[in-house]
Amino acid sequence: MEQLLEVKGLKTYFFTEEGVAKSVDGIDFALDKGKTLGIVGESGCGKSVTSLSVMRLVAEPVGKIVSGEIRFGGEDLLAKSEKDMQAIRGNRISMIFQEPMTSLNPVFTVGNQINEVLKLHQGMTTQQATLKSIEMLRLVGIPLPEKRVHEYPHQLSGGMRQRVMIAMALACNPALLIADEPTTALDVTIQAQILELMKDLKDRLGTAIMLITHDLGVVAEVADEVMVMYAGKVVEHGEVSAVFANPLHPYTLGLLASIPDIHEEVERLETIEGLVPNVYAMPSGCRFAPRCKHAMEKCTQHQPALTESKGHKVRCFLHSDAVEEDAQ
Ligand SMILES: Nc1ncnc2c1ncn2[C@@H]1O[C@H](COP(=O)(O)OP(=O)(O)OP(=O)(O)O)[C@@H](O)[C@H]1O
Ligand SMILES: [Mg+2]
């Protein structure tokens, strides 16, 4: 399988008045052509910062990629100029952002906005771009695309706007699509349709997808691999089948226990007690230790390493005694 993206030792920090937020603190992953990686974790764990780092869109100068490597199609993205990145973004790597309403421009028709991407990256004329935009809207399941192409974002429903975002992101047939919570704001039936659509596109066009979500149910549905993040670190990572068959990290187990099961009537879903640590004052040992039922003394003193166990990787002293070498 052809490796498309490789991220090694990525650290992205924010240097603010309150202190240094180690939002992404040494993560590694790789993604092959045509595969989907699900990235999950609670709000603030660093999912969006990870994707913005790959796009080289971290808000500088407050935010900075302080170390690590990001290789895409064999090229070092961190060595690229901003001009080179502009040629890559929206073209070979594209992103569906967390808030569709803020990412579509209200004063232009949706057709105009998709056309812009096609003219910029593919050198199409307006006429060619309009035909392609209609084709893309049809591909993402928008009825009457010849009419919709001339409409403004506010004339479309939330689900339709999300489809427009996907159409725009896929217009140039990117090798990598980064979808940051693409379905969170949508109701469940539309959510299912959009996920189905992404699966279909991956199969038909061979697009590799980084799918960011806080929902493990969505991951089980569409991803090949899953990476569970907690407070800027990866705590569990592997093939979806391996992780779901043998979830090992207490945090992953907590997330799984909080998925509603439609076949069972439960009084109350389990939640993980406690709060995510303050990003400016991370605990010195395992970052999950303050909330963990199984925490031992060494968990509060040392950072466990990410090690192999039961066919995937986990960062927990319950499964290995190895200590992280690069601890802060
Ligand atoms: N521009 C910024 N300035 C300062 N801190 C930031 C900035 N952007 C992100 N952070 C911090 O980085 C951490 C990770 O943020 P990120 O947006 O990646 O979270 P997330 O996992 O995407 O959460 P959510 O599920 O809410 O989208 C958070 O603690 C956040 O406060
Ligand atoms: Mg986010």
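The values are calculated or read from the model by the stated rules, or taken from the named source; none is laboratory data. These figures come from a predicted structure and were not determined experimentally. Note: ideal-geometry Cβ built from the backbone for every residue, glycine included; neighbour counts use all protein chains shown.
Listed values, structure above:
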| read-out | value |
| --- | --- |
| Selection within segment 193-248 - of a type in the set (Asp, Glu) and within 16 Å of ligand 1 (Cβ to nearest atom) | 215, 236 |
| Residue in segment 122-129 that is surrounded by fewer than 19 Cβ atoms within 10 Å (Cβ to Cβ), touching a Cys at 6+ places or on another chain (Cβ under 9 Å) and either in a helix (DSSP H, G or I) or touching a residue at least 24 places away in the same chain (Cβ under 8 Å) (or both) present | yes |
| Some residue of segment 30-37 being small (Gly, Ala, Ser) and on the phi < 0 side of the Ramachandran plot | yes |
| Selection from segment 84-127 of residues that are under 21 Å from residue 208 (Cα atoms) and small (Gly, Ala, Ser) | 87, 90, 94 |
| Index of the failed condition, residue 32 passing every other in (1) within 11 Å of ligand 1 (Cβ to nearest atom); (2) of a type in the set (D, E, K, R); (3) under 17 Å from residue 178 (Cβ atoms) | (1) |
| Given (1) at pLDDT 95 or above; (2) buried (at least 20 other Cβ atoms within 10 Å of the Cβ), number of the condition residue 78 does not satisfy | (2) |
| Residue among 316, 299, 286 that is assigned to a helix (DSSP H, G or I), surrounded by 18 or more Cβ atoms within 10 Å (Cβ to Cβ) and of a type in the set (A, V, I, L, M, F, W, C) | 299 |
| Residues (within 26 Å of the chain's Cα centre (by Cα), away from ligand 2 (no atom under 16 Å from the Cβ) and surrounded by fewer than 19 Cβ atoms within 10 Å (Cβ to Cβ)) located in segment 93-121 | 105, 106, 116, 120 |
| Which numbered condition residue 21 misses (of (1) of a type in the set (A, V, I, L, M, F, W, C); (2) surrounded by fewer than 22 Cβ atoms within 10 Å (Cβ to Cβ); (3) within 16 Å of ligand 2 (Cβ to nearest atom)) | (2) |
| Failed item in (1) among the charged types (D, E, K, R); (2) in contact (Cβ under 8 Å) with a residue 12 or more places away in the chain; (3) more than 16 Å from ligand 1 (Cβ to nearest atom), with residue 83 passing the rest | (2) |
| Within segment 302-313, tally of residues that are loosely packed, with under 13 Cβ neighbours inside 10 Å and basic (Lys, Arg) | 0 |
| Enumeration of residues in segment 45-100 that are assigned to a helix (DSSP H, G or I) and among the acidic types (Asp, Glu) | 82, 84 |
